[in-house]
Amino acid sequence: MDYLDPALFAIPLYVSALVVERRVVARRRVAGKDLVGHKSSDSWASLRMGFVSLATVGVLNLGVFALAEWLWQWRITDLGNTLLGWVVAMIGWDFAYYWLHRFEHESRFFWAAHVNHHSSRRYNLTTALRQPWLPILVLVVFPPLALLGVRPWMIMVAGGFNLIYQFWIHTEAVDRMPRWFEFVFNTPSHHRVHHGSNPQYLDRNHGGVLIVWDRMFGTFEPEVERVRYGLTKDNPPDRIWPIFSHEVVAIWRDVRQATSWSDRFGYTFRGPGWAPAAGSASGSGSGSGSEYSASGNDAVAAR
């Protein structure tokens, strides 16, 4: 490996922040704030998910780096280790992340890998560590930054900094940031919306560092109503295998029961919550979705 991942060096910061946040949230709840707080089994499940993701996502990152190095030979320029190079790396990664994240919510196949991050009824810094194990879209969206002249090792470091930023926004300990900051950057308030199962909050605020992408592309929603965290149906138990696999199992169940290839395709690749229309070849159109969730943008009622 020819680069150092800053996210790994931030682990002591993560641990310290977890301790401080727990105390802050506990004090705020005692003071009468309407916060969900922590639950030990939920937090441990999130931490275990995070430990496994270190290995699985680590392998995927090696693939991203290898593909970026391969694409580097066709770059249109070399931005070098300059300020411009870092700006393009950071903004380019964040722009690509917005579309990756949005697509993970809009296609059930990719939602199946991302859903575990939304599977907690709590919202705290341990939730940030409940990371997907197989976000395979990273192999598609990030390597092309090399074609713009961003050196492969800078692409990977930019991704590490992006991940570090997103850690702190998973908390109830922070209410609002200054208005100018809330307008430009992703914040705890904006990301609480993203983790909400309230109908108006579904599939909103996909940005990583910048919230301006959501404002530009019509997916922004402010935090107004009290956020209900987790999935729209029953959440999986606090065990890592059901958290990881429940949507995959649900897709297989729906595909197996479908009676046409178009419906099998729809159950797999269309939005979570999609079901065939009533009277179609597959029957009632009531699509079972996951036992625990059906979050997405095709059928709010089914989520």
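Things worth noting here:
- Complete set of residues in region 141-162 that are in contact with an Asp or Glu (Cβ under 9 Å, 6 or more places away or on another chain), closer than 30 Å to G196 by Cβ and of a type in the set (A, V, I, L, M): A158
- Any hit, region 187-207, residues being more than 14 Å from the chain's Cα centre (by Cα) and under 17 Å from F95 (Cα atoms): yes
- Note on region 214-260: residues that are of a type in the set (S, T, Y) and free of Cβ contacts under 8 Å to residues at least 60 places away in the same chain total 3.
- Test for S46: is it assigned to a helix (DSSP H, G or I) and out of contact with any Leu (no Cβ under 7 Å at 6 or more places or on another chain): no
- Taken over region 161-176, the criterion of being outside any helix (DSSP H, G or I), within 17 Å of G208 (Cα to Cα) and touching a residue at least 60 places away in the same chain (Cβ under 8 Å) is satisfied by T171 alone.
- The test for being modelled with pLDDT of 95 or more, within 25 Å of K39 (Cα to Cα) and outside any loop (DSSP other than H, G, I, E, B) does not hold for V227.
- From T232, T219, residue being modelled with pLDDT under 95 and either assigned to a helix (DSSP H, G or I) or not aromatic (F, W, Y) (or both): T232
- L4 vs. criteria modelled with pLDDT of 95 or more and at negative phi: no
- Within region 194-212, none of the residues are out of contact with any helix residue (DSSP H, G or I) (no Cβ under 7 Å at 6 or more places or on another chain) and charged (D, E, K, R).
- Filtered residues of region 125-167 (kept if among the charged types (D, E, K, R) and farther than 16 Å from T82 by Cβ): R130
- Close pairs (6 angstrom Cβ cut-off, 6 or more residues apart or separate chains): assigned to a helix (DSSP H, G or I) in region 56-75, among the β-branched types (V, I, T) anywhere: L60/V138; V64/V138; A68/I155
The values are calculated or read from the model by the stated rules, or taken from the named source; none is laboratory data. Model, not experiment: these values are computed from the prediction. Cβ sites come from the backbone with ideal geometry, for glycine too, and all protein chains shown count toward neighbours.
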